[in-house]
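The values are calculated or read from the model by the stated rules, or taken from the named source; none is laboratory data. Everything quoted here is computed from the prediction, not taken from an experiment. Every residue, glycine as well, gets a Cβ built from its backbone with ideal geometry; the counts of neighbours run over all protein chains shown. Side chains are part of the model used for accessible areas, which takes the heavy atoms of the whole protein and leaves out ligands, DNA and RNA. Shrake-Rupley method; radii C 1.70, N 1.55, O 1.52, S 1.80 Å.
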Amino acid sequence: ADGRNPPLLGVASPLVASMWAKVNAASVMQENMVNLMQVDMLQLGVLQTQMDNLSVQATLIIGFALSMWAGETLMPLLEDDSQLCIWKSWYHLFFASVFFIFVAVCISCCLIIVSIVSYIKQAAQEAALIVSTGAAVAVTRQHLNTLNYYFVVAYASFTLSAVLLIILYVGLPSRLPADTAEHRLSELSGEGESQEGWGSELESIVELFDGTFSITCLDPRNPRDNAVRDSWGAGIAAANTLVILSMSAWGYRKFLFVRQSYKPLQLLSWFVTYQTEQKQKHDAVASLPGNRRSRIDSEVDSTDTSARGGLPTSPK
């Protein structure tokens, strides 16, 4: 019996050591996976903070943009006897049309941002807990890039709207020469009616010191001027309605795309493709000389798990 124990112990020792090595390796791998999950959750928290800031800024821009459509701003522009009215010339109408369209685009983009951010914050947390933290971080970063693009469009539209509003208020002529003033004067005053009587009745047309006449906006008694105001007003309203409806449809389409991207099967399928692309970038960067590699390393996504030891297996 004593002669048999040493061989058994000699055989058992390598087996025990191998088992302990496997247990230690599994423990280290599990600890690394937990650490990576914690890092991914921190990254997800940073992304959600960025989205919160984006949503707050978009909400503020919505308030300022809506104030441009408020009565105190629109009333002087739409009254046909105001010095700031938009109906008096073709370039007034052009700047006003562009102003209204940019305001509509700005508000629509900001509403899309606020709506999608409110959904992504919930869907990303659920995907991180149920599907994969790395996949949730990667797809959220992709959506955040798109939202940043929408915010740039909204901010640019808001800035251009403010510039156009200043042009409409102070950059364009407040009074224009009245066409065929004497003829229009006779039409408005009537035969035998004095200029003083006509002037008190229609104060938008005045006679200048050089004998010429100027008008603040439209001639309310001219059928052509009234037709121009009505047709352009309907056109501007239709254009703004079309912009808002088109942007709403685009926003709903984008929302459906975002919602689909967080579904488990769709998310895992996309993440495998995404990791393959990231691994190809990493391999391409690794094969470059040191100087070029330092410049291109930043292009590889930080959620690339291929740099951590290969593609992870999809959770069952």
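For segment 76-121, give me each residue that is in contact with a strand residue (DSSP E or B) (Cβ under 9 Å, 6 or more places away or on another chain) and surrounded by fewer than 16 Cβ atoms within 10 Å (Cβ to Cβ). The one that is in contact with a strand residue (DSSP E or B) (Cβ under 9 Å, 6 or more places away or on another chain) and surrounded by fewer than 16 Cβ atoms within 10 Å (Cβ to Cβ): S89.
Counting only residues that are at pLDDT 90 or above, surrounded by fewer than 17 Cβ atoms within 10 Å (Cβ to Cβ) and of a type in the set (A, V, I, L, M), segment 53-75 holds 3 of them. Just so you know, in segment 137-155 the residues that are surrounded by 22 or more Cβ atoms within 10 Å (Cβ to Cβ) and more than 26 Å from L66 (Cα to Cα) include one that is nearest to the chain's Cα centre (by Cα), and it is H143.
Please count how many residues of segment 117-136 are under 19 Å from the mean Cα position of the chain (by Cα) and among the charged types (D, E, K, R). Residues flagged as under 19 Å from the mean Cα position of the chain (by Cα) and among the charged types (D, E, K, R) within segment 117-136 amount to 1. Considering only residues that are aliphatic (A, V, I, L, M) and either farther than 24 Å from Y169 by Cβ or open to solvent by 30 Å² or more (accessible area, probe 1.4 Å) (or both), which ones fall in segment 208-222? Correct list: L208 only. Give the number of residues within segment 147-182 that are among the hydroxyl-bearing types (S, T, Y) and free of Cβ contacts under 8 Å to residues at least 40 places away in the same chain. Here the count works out to 3. Residues satisfying the criterion are present in segment 223-241 (criterion: open to solvent by 60 Å² or more (accessible area, probe 1.4 Å), in contact with a helix residue (DSSP H, G or I) (Cβ under 9 Å, 6 or more places away or on another chain) and closer than 19 Å to C106 by Cα).
Consider segment 263-314 and keep the residues that are modelled with pLDDT of 60 or more and among the β-branched types (V, I, T). The one that is nearest to M41 (Cα to Cα) is V272.
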